[in-house]
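Worksheet: the structure to be examined is printed underneath.
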Amino acid sequence: MIAGARQPREDGPPPVPPSHQGCAIRSVRVQLPARRGEPAGELRAELRDRHEDGHHLHHLIWRLDPSLRVCSSAVLGGGIGPRAWILNAQVPGGYPRLDPDRHLAEIAAAEGLTGPGAGLMTAADVAAYTTGHDGGVTATVTTGLGVRGWAAAPESATHAPHRPGTVNIVVTLPTALSDAALVNAVATATEAKVQALLDAGLDCSGTPTDAVCVAAPEPGPDGGEPFAGPRSTWGARIARAVHTAVLAGARTAR
């Protein structure tokens with residue numbers, strides 16, 4: 001998430017203001033074979049190659065089944081609720097815009113994405129994304145560590161400008177989670193991220209703009225799985241998948 005962003009909407013992307021309508025965004029799908037160790041039949045991210053305002057960039061798209069809902073800290077469409085898509089967009093270093101939610105909405109509109117969605121951004125190379133898989137859970141991570149640090153920093157450090165370096169984590173799983181378990185899943189993914197960064201030999205807990213999305217089916221009458229902590233069945237799978245993906249990304253990004 002980027003400091004100073006507008007509040008996200010739950011009913012779809014915010015309208016594109018006149019000053020940004022017609023932004024030059026042209027993208028094509030990058031055809032990639034399944035990555036090694038990637039189970040068949042699981043929800044895969046779609047990598048897109050984008051040219052925008054003279055920059056060659058990439059973004060990832062997840063086109064979600066209507067039965068899924070998302071819990072996220074995304075700058076666009078954050079919170080808990082049904083989402084039709086997730087977008088993780090690369091932006092240039094020194095990102096100048098103060099309306100990342102609207103920028104993400106522009107990219108989504110250019111891709112023909114409709115309905116409510118969740119949008120994240122990063123200055124990391126999105127094409128270098130890494131994945132982890134465990135028992136039906138898939139974690140897809142983009143790892144930018146140029147502005148890394150510790151979460152509990154002195155107050156003076158919290159006033160520094162935040163750039164979108166960012167470790168973005170998107171987790172998908174096939175089992176419904178309760179509201180509490182969805183929130184717990186975000187915490188578990190974050191714990192696993194920090195463990196992976198330390199295992200990679202880095203002196204940080206992340207970056208100031210890290211974001212997490214967890215997508216799982218809507219719960220039925222049973223309310224869904226009640227727990228997603230690291231010692232629950234699904235929480236443990238989330239933790240292992242995220243740890244694998246972040247560790248691979250951190251080793252490459254160092």
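Every number in this text was worked out from the coordinates using simple rules, so none of it is lab data. Remember, it's a predicted structure, so these values are computed and weren't measured experimentally. Every residue, glycine as well, gets a Cβ built from its backbone with ideal geometry; the counts of neighbours run over all protein chains shown.
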Revision key, fill the gap. When the charge dipole of region 167-253 is computed with +1 on Lys and Arg Cβ and -1 on Asp and Glu Cβ about the Cα centre, the Cα farthest towards its positive end, among 198, 176, 215, belongs to 198
Check your understanding: Between residue 51 and residue 187, what is the spin-label point distance in nm, taking each point 7 Å from the Cα along the Cα→C-beta axis?
Key -> 4.8
Check your understanding: Hey, could you pull the Cα Rg and Dmax for region 79-169, both in Å?
Key -> 15.0, 43
Practice item. Taking the Cα centre of region 96-254 as origin, sum charge times position over the Cβ atoms of Lys and Arg (+1) and Asp and Glu (-1), and report the length of that vector in debye to the nearest 20. Key: 460
**Study point:** Taking only Cα atoms of region 151-251, radius of gyration then Dmax in Å
**Key:** 14.9, 48
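Would you work out the Kirkwood radius for region 177-226? I mean one over the mean of 1/r across all pairs of different Cα atoms, in Å.
Working: mean 1/r = 0.0809 Å⁻¹.
12.4 Å is the Kirkwood radius here.
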Study note, to complete from the structure: Taking 0.36 nm per residue of separation between residue 222 and residue 252 and subtracting their Cα-Cα distance, the length gained on full extension comes to 6.6 nm
Review point. Can you tell me the Rg and Dmax of region 99-138, counting just the alpha carbons, in angstroms?
Key: 13.4, 38
Review point. So, in nm, how far is label residue 155 from label residue 98 when the simple model puts each one 7 Å beyond its Cα toward the Cβ?
Key: 2.5
